[in-house]
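First the structure, in the form of structure tokens, and then the observations on it.
The values are calculated or read from the model by the stated rules, or taken from the named source; none is laboratory data. Treat the numbers as computed from the prediction; the structure is a model and nothing was measured. Using ideal geometry, Cβ is built from the backbone for each residue, glycine included, and neighbour counts are taken over all protein chains shown.
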Amino acid sequence: MKASTIVTLVIVVLLLNAGITLMLINAKSSPVQTGSAALVNAAKNERDTQITAAVKAVEEAVVSVNVTKVEVFNRGFRGFGFFDFFGYLPTERKVESLGSGVIYDPSGFIVTNAHVVTGAREITVVLPDKREFDARLIGIDEQHDIAKLKIEGSNLPYARLGESKDLIIGEWAIALGNPYGFLMSDSKPSVSVGVISAVNRSFAPQQDGRSYRGMIQTDAAVNQGNSGGPLVNIRGEVIGINTFIVSESGGNIGIGFAIPSHIVKQILAKL
């Protein structure tokens with residue numbers, strides 16, 4: 001064997017040994033990351049899903065509906081002898097409440113539940129970008145629990161009212177709204193995810209005269225303050241307006257109901 005060939009083989013062996021040595025050193029000095037570290041280091045495109053895309057398409061149009069109502073109650077008039085003849089004096093007090101809504105038209109039309117704004121003296125709408133507007137009540141359908149509001153502004157975000165007649169049991173459902181927003185002083189909506197549990201759920205007429213027919217049932221969490229917010233499909237389309245839950249405790253137990261968007265659109269066209 002020629003001397004040059006022997007020298008070449010020796011150099012190759014030395015390089016291989018050096019490479020193996022470096023690999024072993026790096027393996028000992030760099031422990032493998034598992035668990036949460038692996039999730040934190042996940043690429044952004046692995047975290048972006050159809051759900052996150054649907055939320056982005058709608059969230060800027062989800063608003064807080066802050067309502068001031070005036071309640072009248074009777075206060076006893078006592079201690080003035082014959083003045084008791086006049087009985088009880090009516091007294092007014094302001095009551096504030098909070099609900100949700102969604103802008104469905106770029107000109108500033110908003111849909112929410114009637115029970116959110118019934119009896120309102122003042123309605124203030126707060127957008128996720130913190131802009132505030134005084135809202136006008138354009139129309140209200142107490143029987144079907146739908147109200148139509150209007151704000152005046154420019155560059156208003158809006159969501160598309162989709163189709164609810166072809167919903168699939170088990171498909172994704174995303175609920176947006178402002179549950180307990182008055183506790184958090186934050187105008188950005190909360191998001192909860194579940195599935196369409198059932199469709200065409202109907203209830204006996206309520207004592208207040210409201211009629212809930214053909215409702216969408218979902219296990220996406222719906223809580224106080226979510227009323228009037230949108231239920232969204234994976235395409236980012238509004239398929240319903242979150243309205244109430246069935247719960248003995250008053251908290252979410254995974255049985256929420258939304259008015260289907262095809263019914264909502266029919267009512268809005270008449271208001």
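Structure notes:
- Residue count for segment 57-70, restricted to those that are surrounded by fewer than 17 Cβ atoms within 10 Å (Cβ to Cβ) and either modelled with pLDDT under 70 or among the β-branched types (V, I, T) (or both): 2.
- Within segment 121-158, considering residues that are among the acidic types (D, E) and part of a strand (DSSP E or B), the one farthest from E71 (Cα to Cα): E132
- Candidate set: segment 253-271, residues that are surrounded by fewer than 16 Cβ atoms within 10 Å (Cβ to Cβ) and not in a helix (DSSP H, G or I); chosen: the one modelled with the highest pLDDT: L271
- Segment 43-70 residues that are under 25 Å from S187 (Cβ atoms), paired with ones that are part of a helix (DSSP H, G or I) (beta carbon under 7 Å, 6 or more apart): S64/G181; V65/V116; V65/V117; V67/V116; V67/V117
- Of all residues in segment 178-233, those satisfying the criterion of being in a strand (DSSP E or B) and hydrophobic (A, V, I, L, M, F, W, C) are V191, V193, V195, I196, A198, V199, M215, I216, L231, V232.
- Candidates F83, F73: the one that is at pLDDT below 55, hydrophobic (A, V, I, L, M, F, W, C) and either part of a helix (DSSP H, G or I) or closer than 30 Å to I245 by Cβ (or both) is F83.
- Within segment 159-177, the set of residues being β-branched (V, I, T) and assigned to a loop (DSSP other than H, G, I, E, B) comprises I168, I169.
- With respect to (1) within 21 Å of the chain's Cα centre (by Cα); (2) at pLDDT 90 or above, the lone exception for S97 is condition (2).
- Per-region count, segment 200-231, residues over 16 Å from the mean Cα position of the chain (by Cα), crowded, with 18+ Cβ neighbours inside 10 Å and modelled with pLDDT of 95 or more: 1
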